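K.L.:
The structure under discussion is supplied below as structure tokens; questions concerning it will follow.
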Amino acid sequence: MPKKLKIINVVGARPNFMKAAPLMEQMLETPAMEPFLVHTGQHYDDRMSKFFFDDLGLPKPDMDLGVGSGSHAQQTAEIMRCFEPVLLKERPDVVVVFGDVNSTIACALTAVKLGVAVAHVEAGLRSFDRTMPEEINRVLTDAISDYLFTTEPSANENLLREGVPKEKIFPVGNLMIDTLLRHKERAQSSTILQTLNCMPQAYGVLTLHRASNVDDEEIFQSILKAVFEISQKIRVVFPCHPRTKKQIHAFGFEHFFMTRPSPFHCGILLIDPLGYLDFLRLISEAKFVLTDSGGIQEETTVLGIPCLTLRENTERPVTITEGTNVIVGTDREKIVGKTLEILNGYSLQGRIPEHWDGKASERIVRVLIDYCA
Ligand code: UD1
């Protein structure tokens with residue numbers, strides 16, 4: 001029997017799970033492949049991890065490194081220390097890493113030093129802001145990867161400019177959109193709107209977790225003041241990341257929020273992070289989304305929902321040139337002004353970028369079979 005292509009897919013943090021799910025599924029259906037799933041444990045709360053495995057039908061990880069939180073250096077080093085013995089034992093042909101989190105660079109670096117080929121999903125995205133930890137992770141991971149799978153044209157251009165040979169770059173589309181398209185129907189049966197007492201189009205959604213926004217008291221307050229002002233006109237639902245919740249308490253910002261869903265009150269409704277299907281349903285019916293997430297800029301583009309990005313830049317420019325995304329930064333007046341435009345009927349017409357068609361996982365598996373088997 002011909003030898004199977006042994007692949008380790010590495011996930012660590014919430015945004016990785018949505019990308020790994022369709023790829024694992026495709027690999028498991030491919031007889032020539034033997035895929036493994038390793039969870040570094042960077043995200044460990046049930047709401048940040050287990051719920052996504054359940055919603056997305058991701059198989060239980062073959063290995064859970066249980067690394068947890070720490071400073072960037074501690075977390076990255078601990079992931080490397082725990083991942084190395086896995087590689088030495090399993091000796092895979094390829095390690096697949098996703099996105100830009102600490103688990104991505106840690107596992108790519110460990111693999112490349114052991115002579116194992118690295119494939120990077122979502123390669124080439126650049127915010128050109130080196131103060132973002134994610135930007136450092138992206139640049140370094142791309143520099144040491146053998147197969148660079150890209151989601152949008154800007155990524156191909158960035159990689160070529162950085163000297164990556166054309167032969168290593170594969171424009172395959174967007175795995176997260178594979179997941180979205182697969183689960184859109186199922187998300188219709190989520191009862192999250194009833195639970196939160198929300199009517200379609202009668203609320204906005206806020207997500208916030210970037211260190212640059214929530215670790216800086218002044219910036220965080222400026223954003224919250226803006227969203228509070230908006231929330232006096234239309235309710236804003238805020239599924240809150242654990243990092244952000246900690247900072248709300250540290251800065252004493254609790255007074256900005258209401259915590260119980262009343263049908264009669266406007267305001268910012270603070271809730272726990274949601275599972276994938278509930279969140280998909282929530283943003284699908286929203287009037288607008290305010291976010292500093294990367295992935296949500298892409299999801300709203302595909303759903304045709306106006307997205308206002310609370311950052312000064314984006315590594316996903318196609319969501320602006322083709323999608324429904326607008327960069328508004330963190331200035332209170334600008335956030336309120338742009339949101340009011342949407343409430344007053346201004347609509348952002350977008351179209352879906354090339355290859356965001358639900359077939360990225362097929363394309364990636366094809367490349368791996370053609371080049372590595
Ligand atoms: C990480 C990624 C970011 C990604 C985000 C999505 C890096 C550098 N950052 O940021 O790119 O957009 O995930 O969620 O990898 N925490 C919990 N429970 C958890 C996970 C984290 O309480 O399950 C707390 C940690 O204790 C820590 C904080 O949240 O205080 C930050 O967690 P960490 O994984 O370091 O980074 P994120 O901010 O989640």
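K.L.:
Please sort by residue number the trypsin sites (Lys or Arg not before Pro) in segment 1-70 whose DSSP state is loop and whose Cβ has at most 13 other Cβ atoms within 10 Å.
P.N.:
Working: sites: 3, 4, 6, 19, 47, 50; in loops: 3, 4, 47.
The qualifying sites are 3.
K.L.:
OK, next. DSSP loop GluC sites (Glu not before Pro) in segment 20-98 with at most 12 other Cβ atoms within 10 Å of their Cβ, which ones? Display every interim value, and only then the final one.
P.N.:
On the way: sites: 25, 29, 78, 90; in loops: 29.
Loop-located and lightly packed - 29.
K.L.:
Return the long-range amide H neighbours of residue 271 (sequence gap of 5 or more, or a different chain), with a cut-off of under 5 Å between placed amide H atoms.
P.N.:
238, 240
K.L.:
Let me ask something else about it. Given segment 231-313, what whole percent of its Cα pairs are spread farther than 14 Å? Don't skip to the end; give the middle numbers.
P.N.:
Numbers: 2321 of 3403 pairs.
Of all Cα-Cα pairs in segment 231-313, 68 percent lie more than 14 Å apart.
K.L.:
Could you work out what % of the accessible surface of segment 189-343 is carbon and sulfur, using a 1.4 angstrom probe and leaving DNA, RNA and ligands out of the count? Kindly include the intermediate steps, with their values, before the conclusion.
P.N.:
Details: 3030 of 5850 Å².
Looking at segment 189-343 in its full context, I get 52 percent from C and S.
K.L.:
Would you mind checking which residues have amide H under 5 Å from residue 290's amide H? H placed 1.01 Å from N; only 5 or more apart, or other chain.
P.N.:
Residues meeting the criterion, in which the H sits 1.01 Å from N, are 205, 206, 207, 308.
K.L.:
Would you mind computing the Rg to Rh ratio of the chain from its alpha-carbon coordinates, Kirkwood style for Rh? Before the final figure, lay out each step's value.
P.N.:
Working: Rg = 20.2 Å, Rh = 21.0 Å.
Across the chain, the Cα-based Rg/Rh ratio is 0.96.
K.L.:
Residue-wise, which Karplus ³J(HN,Hα) couplings in Hz belong to segment 208-213, taking 6.51 cos²θ - 1.76 cosθ + 1.60, θ = phi - 60°, and x for glycine or proline?
P.N.:
Taking θ as phi minus 60°, the curve returns 7, 7, 4, 3, 5, 8 Hz for segment 208-213.
K.L.:
Here's a follow-up. Search the structure for amide H atoms under 5 Å from the amide H of residue 34, placed 1.01 Å from N in the peptide plane, and list their residues when 5 or more places away or on another chain.
P.N.:
Sorted by chain and number, the residues that satisfy this are 5, 6, 7.
K.L.:
Each residue of segment 350-360 in order: what ³J(HN,Hα) in whole Hz does its phi give by Karplus 6.51 cos²θ - 1.76 cosθ + 1.60, θ = phi - 60°, with x for Gly and Pro?
P.N.:
For segment 350-360, the Karplus-derived couplings read x, 9, 8, x, 4, 6, 8, 10, x, 10, 4 Hz, x marking Gly and Pro.
K.L.:
Scan segment 116-193 for GluC sites (Glu not before Pro) in coil per DSSP, keeping those whose Cβ has at most 12 other Cβ atoms within 10 Å, and list them by number. It would help to have the intermediate numbers written out before the result.
P.N.:
Values: sites: 122, 134, 135, 157, 162, 167, 185; in loops: 122, 162.
Here the GluC sites (Glu not before Pro) that fit, given the DSSP loop and packing criteria, are 162.
K.L.:
On a full-extension model of 0.36 nm per residue, what is the gain between residue 162 and residue 194, subtracting their alpha-carbon distance, rounded to one decimal in nm? Could the numbers behind the result be given before it?
P.N.:
Working: separation 32, 0.36 × 32 = 11.52 nm, distance 4.91 nm.
Contour length minus Cα-Cα distance gives 6.6 nm.
K.L.:
Can you compute the helix-only [θ] at 222 nm over the chain? Use -39500 (n - 2.57) per DSSP H run of at least 4 residues, normalise by all residues, nearest 500 deg cm²/dmol. Numbers along the way, then the final one.
P.N.:
Working: 16 runs with 167 residues, N = 373.
Estimated from H runs of four or more residues: -13500 deg cm²/dmol.
K.L.:
How many percent of the alpha carbon pairs in segment 189-343 exceed a separation of 26 Å? Show your work: numbers first, answer last.
P.N.:
Working: 2062 of 11935 pairs.
Counting pairs separated by more than 26 Å, the tail of P(r) holds 17 percent.
K.L.:
Okay, moving on. Evaluated at 25 °C with a viscosity of 0.890 mPa s, what Stokes-Einstein diffusion coefficient in µm²/s does segment 54-156 have when Rh comes from the Kirkwood expression over alpha-carbon pairs?
P.N.:
Values: Rh = 14.3 Å.
Result for D is 171 µm²/s.
K.L.:
Report the paramagnetic label zone for residue 221: residues of segment 236-265 whose backbone N is under 20 Å from a point 7 Å from Cα along the Cα-to-Cβ axis.
P.N.:
244-258
K.L.:
Note down the relative contact order for segment 189-343 as a percent, whole number, built from C-alpha pairs under 8 angstrom at least six residues apart. The partial results should precede the final answer.
P.N.:
On the way: 268 pairs, mean separation 40.9, N = 155.
Taking the mean separation of contacting Cα pairs over the length of segment 189-343, I get 26 percent.
K.L.:
What is the gain in length, in nm to one decimal, between residue 246 and residue 6 on full extension, counting 0.36 nm per residue of separation less the C-alpha to C-alpha distance?
P.N.:
Numbers: separation 240, 0.36 × 240 = 86.40 nm, distance 4.03 nm.
Full extension from residue 246 to residue 6 adds 82.4 nm.
K.L.:
Please compute the net charge surrounding residue 373, taking Lys and Arg as +1 and Asp and Glu as -1 over other residues with Cβ under 12 Å from its Cβ.
P.N.:
Net charge around residue 373: +1.
K.L.:
Moving on. Could you give me the ³J(HN,Hα) list for segment 156-171, computed from phi with Karplus coefficients 6.51, -1.76, 1.60 and θ = phi - 60°, whole Hz, x at Gly and Pro?
P.N.:
After applying 6.51 cos²θ - 1.76 cosθ + 1.60, I find 5, 5, 4, 5, 4, 5, 7, x, 6, x, 3, 5, 8, 9, 10, x Hz.
K.L.:
Still on this structure, I have one more. How much length is gained if the chain between residue 370 and residue 84 is pulled fully straight, taking 0.36 nm per residue apart and subtracting their Cα-Cα distance, in nm to one decimal? It would help to have the intermediate numbers written out before the result.
P.N.:
On the way: separation 286, 0.36 × 286 = 102.96 nm, distance 2.69 nm.
The span from residue 370 to residue 84 would gain 100.3 nm if fully extended.
K.L.:
Would you kindly state the longest site-free stretch of the chain, with sites defined as chymotrypsin sites (Phe, Trp or Tyr not before Pro) in a DSSP loop (not H, G, I, E, B) surrounded by at most 12 other Cβ atoms within 10 Å?
P.N.:
Values: sites that count: 128, 264, 346.
Longest stretch, sites excluded: 129-263.
The values are calculated or read from the model by the stated rules, or taken from the named source; none is laboratory data. Bear in mind that the values here come from a model prediction, so they are computed numbers and not experimental data. Because the Cβ atoms are built from the backbone with ideal geometry, glycine has one as well, and the counts that use them run over all protein chains shown. Each accessible area value is taken on the protein alone, full model and side chains, heavy atoms only, with ligands, DNA and RNA left out. Shrake-Rupley method; radii C 1.70, N 1.55, O 1.52, S 1.80 Å.
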